[in-house]
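The values are calculated or read from the model by the stated rules, or taken from the named source; none is laboratory data. Computed from a predicted model, the values in this text were never measured in an experiment. So basically every Cβ, Gly included, is an ideal-geometry build from the backbone, and we count neighbours across all protein chains shown. We work out accessible area using only protein heavy atoms, side chains counted, and drop any ligands, DNA or RNA first. Shrake-Rupley method; radii C 1.70, N 1.55, O 1.52, S 1.80 Å.
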Amino acid sequence: MSEQKGKSEGISRKERKLQTAKEEKKKNRPSGKKKPGVKRSSLPGREAKSEQVTATVPAPQGERADSAGEQREPKPAPRKERSERGASAGRGRASASARPAESNDQAERLSPSERYEKRQSERASAEAAKQASGQKKTKAKRETSASRQPYAGSKAPVSGTDMGKTQSGRAQRDPAAAGKNPYPNGNAAAGKLTAAPADAEQVKVGDRIVVTIKRIGINGEGVGYFRRKAVFVDGAITNEVVKAEVLETQAKFIKAKLIEIEKKSKHRVEPPCPVYGICGGCQLQHISYEGQLIAKLEIVREAFSRYANLSDLKIKPTLGMDRPWDYRNKAQLQVERRDVKGAKSEVIAGLYEIGSHEIVDISGCPIQHPQVNRAIDRVKAVLGDLNIPLSKGDSRGGRSDIKDSGTRKGVRTIVVRNGFQSGEIQVTLVTETAELPRQEDLIERLRLELPEMSGLSVNVNPFKTPLVFGERTIGLWGNEAMNESLGDLNFTLSPRAFFQLNPEQTIKLYETVKAGAALTGKETVVDAYCGTGTIGLWLAPYAAEVRGIEVIPEAVEDARRNAERNGRDNADFFEGEAEDLLPRWAKEGYSPDVIVADPPRVGLDRKFLETVLRTKPQKFVYVSCNPSTLAKDCKVLLDGGYEIQSVQPLDMFPQTSQVECVTVLVKK
């Protein structure tokens, strides 16, 4: 018994010694040892879920929100936890093995089409992450609104909807959830349940709706209706049924992005231009030319119906072109110097990308005349070879890809005009300063590269303005004006002078105006907004007198020279605003028989319209490039005692949404 007691006491002393040793070891732990960490799942508000380590690179310090949108601790985490953080944060960095190698040259630029594809991919990924982060929050919300109507995307079936239902009336699940992508042009990961809102006022950004396209809008977008609310969908065509994702909601309309075409139009074609949809110069290349002519007729019809209450107005079929390409005789392109990996910088010329100030290179544009494209390429090459300073993207000044990097005074726009009949090339460089370095070298090189160049000028525009030209033009070499002809008329055109961009269709336009005016040789005619006098000179042989009005002094001088050159002694041209000169002439007793007006897109000035109604010409021939303002102005003339005799749409700019229209109004 004593033996067992001693044995028991020995064991107890051993345990006590072991316990004492552990405590001493704990007290004397070296400061360099790693202390036990706290599991992130045990922090307040976090679920105790195991996280799978998929990344070995820590997320950047600036990215502290995980996929659920929760805030992370600013204190650096242990190495393993940093890996876990990178894995759980859907928008954090990828692993080193999965991350694509970055270019050492940060100035390397992608082509427009590559940049477009990259941006689409990034947007799709962002949408997927956004949808994933909102799933937890969506579960916590009520399934119905205060009016007891189901929210868009809820599981509750919606009676009377045209999408997201089976034959039994139950909302069906998006096929994307089963691993199928029903949106070839969109993001399947961003898909929702397809139950539609009960009314248009409940539609939210991100919702997907089905829309039947009724017509083409004035900017080339498809226009349909969802619960009687207008929906604008870029890239959609009349009579198509499309799925679209809502981008913007307003009181009277919805803007949406095309996701899938459920019913395809017979007029849909593949756009031939590689930067179509990026540069913004064209809006209708995805529609066959036959479909474009029909669409433009409907744009005019819709404008008169909406703004003049003329829903049954007879409109003639749109006059089109036999070959609707290579028709533009003039280009005004912004220029930029860009760095190229492994080579010296290059000069690019193009248009601003839709919704940005990024220039899209449009070399070889299919709607510009080949001679214009060739001349632009030669001018770019010479500017680059001579290292002429540019105002945008210059490596010695501003850089378009670096915000607030400053600018350098230099060339900002290249303007090239080609004479279809004369074969001459006119080059104008729009700059911020009158002085350019190496001007003599510039002249010599351009003369060698462009032997058909008839004149080289510099136009000075030092102001930040959407207007291309400034008030001052300086001739560097050659003729101040170039020669061109239309029919039997010969013209001289200064750099700033307006001249129709499509000579082939211009002849059809002027013949339509002449037919509408129906002159007998006894009439007095006013050509308002006359430019270089082309319409007035076209009508002069059939009228007693023609007076043209134009605000640009150089254009007035060109018009007078053109009248003298073509023997139109009965035509004279005056500098000023049409809304000022016509009332003055009316007070002096001058009352024209026919007024022809070809105003800018904003339409006719109210003062001008009032003067027309006071002078009461027998005919008013309205040449318009904007059907909306045309219809609004015609409504004023109709209320003032005129009636519409004819409406003739013309396609002056194929592949774009713009439509010209000649409307003849006669006094009742």
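Residue check: is PRO317 over 23 Å from ASP651 (Cβ atoms) and either part of a loop (DSSP other than H, G, I, E, B) or small (Gly, Ala, Ser) (or both)? For PRO317, the condition - over 23 Å from ASP651 (Cβ atoms) and either part of a loop (DSSP other than H, G, I, E, B) or small (Gly, Ala, Ser) (or both) - is not met. VAL662 meets the stated requirement of being closer than 19 Å to VAL546 by Cβ and among the aliphatic types (A, V, I, L, M).
With the structure loaded, tell me whether PRO437 is over 26 Å from GLY531 (Cβ atoms), outside any strand (DSSP E or B) and not basic (Lys, Arg) or whether it fails that test. Yes, satisfied.
Of all positions in the stretch 616-638, at least one carries a residue that is in contact with a Pro (Cβ under 6 Å, 6 or more places away or on another chain) and at negative phi. Candidates are the residues of the stretch 310-347 that are of a type in the set (S, T, N, Q) and under 27 Å from ARG412 (Cβ atoms); the one that is surrounded by the fewest Cβ atoms within 10 Å (Cβ to Cβ) is GLN332. Scanning the stretch 211-226 for residues that are more than 16 Å from LEU247 (Cβ to Cβ), surrounded by fewer than 21 Cβ atoms within 10 Å (Cβ to Cβ) and of a type outside the set (Phe, Trp, Tyr) yields THR212, LYS214, ARG215, ILE218.
Of the helices (runs of 4 or more DSSP H) that lie entirely inside the stretch 526-590, those containing 2 or more residues that are farther than 18 Å from VAL513 by Cβ span 553-565, 578-587. Suppose we keep only residues that are acidic (Asp, Glu) and not in a loop (DSSP other than H, G, I, E, B) within the stretch 480-512. Which one would you say is farthest from SER457 (Cα to Cα)? The qualifying residue farthest from SER457 (Cα to Cα) is GLU511. Looking across the stretch 380-404, the residues that are part of a loop (DSSP other than H, G, I, E, B) and either open to solvent by 40 Å² or more (accessible area, probe 1.4 Å) or at pLDDT 90 or above (or both) come down to LEU386, ASN387, ILE388, PRO389, LYS392, SER395, ARG396, ARG399, ASP401, ILE402, LYS403, ASP404.
Which residues, counting only those in the stretch 497-512, are in contact (Cβ under 8 Å) with a residue 40 or more places away in the chain and open to solvent by 40 Å² or more (accessible area, probe 1.4 Å)? Within the stretch 497-512, PHE498, GLU504, LYS508 qualify. Count of the stretch 272-296 residues, restricted to those that are touching a helix residue (DSSP H, G or I) at 6+ places or on another chain (Cβ under 7 Å) and either closer than 20 Å to THR238 by Cα or among the hydroxyl-bearing types (Ser, Thr, Tyr) (or both), is 2. One residue alone among GLU449, GLU444 is surrounded by fewer than 16 Cβ atoms within 10 Å (Cβ to Cβ) and not hydrophobic (A, V, I, L, M, F, W, C), and that residue is GLU444.
Entry remark, the stretch 445-470: residues being aliphatic (A, V, I, L, M) and assigned to a loop (DSSP other than H, G, I, E, B) number 3 in total. When the stretch 247-304 is filtered for residues that are in a strand (DSSP E or B) and within 25 Å of GLY364 (Cβ to Cβ), the ones remaining, listed by number, are ARG268, ILE287. For the stretch 611-655, filtering for residues that are under 21 Å from ARG328 (Cβ atoms) and either out of contact with any helix residue (DSSP H, G or I) (no Cβ under 9 Å at 6 or more places or on another chain) or open to solvent by 10 Å² or more (accessible area, probe 1.4 Å) (or both) leaves 3. Look at (1) of a type in the set (A, V, I, L, M, F, W, C); (2) open to solvent by less than 20 Å² (accessible area, probe 1.4 Å); (3) within 21 Å of GLU550 (Cα to Cα) and you find that VAL602 fails only one, number (2). Among the criteria (1) farther than 18 Å from GLY548 by Cβ; (2) under 27 Å from the mean Cα position of the chain (by Cα), the one GLU440 does not fulfil is (2).
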